[in-house]
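Report on one structure; see the data block that follows.
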Amino acid sequence: MSKQIVKTKGLQLQPPVCSIQALEDYFHDKEILTTDANGLSAALKNMKFEEKQADKFAKDFFVVGDPDNYGWIDVEDFLGEYTRMLIFKAMRVLLSSLDTYDTDHDGEINADELKAVLDKMLGVEYSARKVFQILKAVDSDASGKMSESELQKWYTVEDAKIKKKRKLVKRENKRRTQCYKKTKPKTNHKVWKDLHLGTEISQEQLEEIWLKYDKDHSHTIDSKELQKIVKDLFNTLIDTVPLIMKPMLEGFGIEEKEIEAKIQETTAKFADADIKEVTKDFLAAMDSDNDGSVSKHEFFTTFNAALYAGTSGNRSPQHTVHLSPLK
């Protein structure tokens, strides 16, 4: 057996904390078709990943797995990409420890030996599906086995592809970040964290919003303070439009072109909204005693209704922005 080609530091093959099948079952049982980084992390934690490991993997995965920065990914696409990553890791392990996994000591890796490695990486259910696909891709001389040189050639080509892709994604993310910093209005991210289009604002979030924007501690929100709330709210929600609308509309069987048109239309509503006029609509819907300001009780009991209502009461149809994704 020739000297190892891949340099590793204490690399050992360890069974994954969960198999691909276990992850697939998790998403299927919960009827989840798309996920963001938080949802992916939650799935991994449910599979007994350590919290830091799950959070880091989810964050790192979205850097490469979501090159368009939608903030979400199809579960099917995730499982496919995750499988590819584990296969790549398995091949790296084979190269670094070929003597260990070449159980018949013929200097090559056959289907059974490959399956033994994939069982540990993917789980038994998935490894059976992938063994012959991998053999076909790596076994260039059609011998039915993988030599060390064939493994090295395949690994080198695939590694170059991955590095090129990550380099392009990193460059694009850097460009988008620079554009974002130039154009994105400042908002209080802690207050508006995890708020998405179509979700109701919790009582805890309402309390944080109240404390943040009741600048003069008058225990009321006046029109200027309410205008600041509306502005920051719209700046936050506009980024969640593709994240929420695309999977929802796909679920209704709407074609891709129409989906993109609806997303653009909704995004334009936020971008083009007259914040002063929308603030007047909010105030009219929330100020039940018509004193020109919003009390804490009014704020807590009417804000969500004002946010997601259509035109009603004294609200002006020409200024109302429908926040329901399907309106």
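Every number here is computed from the coordinates shown, using simple stated rules; none is lab data. The structure presented is a predicted model; accordingly, all values stated were derived computationally and were not measured. Using ideal geometry, Cβ is built from the backbone for each residue, glycine included, and neighbour counts are taken over all protein chains shown.
In a DSSP loop and with at most 12 other Cβ atoms within 10 Å, the GluC sites (Glu not before Pro) in region 48-149 are 50. Gyration tensor over the Cα atoms of region 213-258: the corresponding equivalent ellipsoid has semi-axes (square roots of 5 times the eigenvalues, largest first) of 37, 9, 7 Å. Summing +1 for each Lys or Arg and -1 for each Asp or Glu among the other residues whose beta-carbon sits under 13 angstrom from that of residue 257 gives -4. Look at 44, 206, 135 and count the other Cβ atoms within 10 Å of each Cβ; fewest to most, that gives 206, 135, 44.
Charged neighbours of residue 131, selected by a Cβ distance under 9 Å, balance to +2 (K, R count +1; D, E count -1).
The value for region 189-308 of Rg(Cα) / (2.2 N^0.38 Å) is 1.16.
Taking Lys and Arg as +1 and Asp and Glu as -1, the other residues whose beta-carbon sits under 14 Å from that of residue 121 total +4.
Extension gain for residue 261-residue 301 works out to 11.0 nm (0.36 nm per residue, less the C-alpha to C-alpha distance).
The gain in end-to-end length when the residue 268 to residue 31 segment is fully stretched comes to 82.2 nm, 0.36 nm per residue minus the alpha carbon separation. Extending 7 Å from Cα along the Cβ direction at residue 207 and again at residue 288 yields two label points whose distance is 2.1 nm. Shape analysis of region 20-151 based on the Cα gyration tensor places the equivalent ellipsoid semi-axes at 31, 14, 14 Å, largest first. Counted residue by residue at 0.36 nm each, then reduced by the alpha carbon distance between them, the extension gain from residue 149 to residue 252 reaches 32.1 nm.
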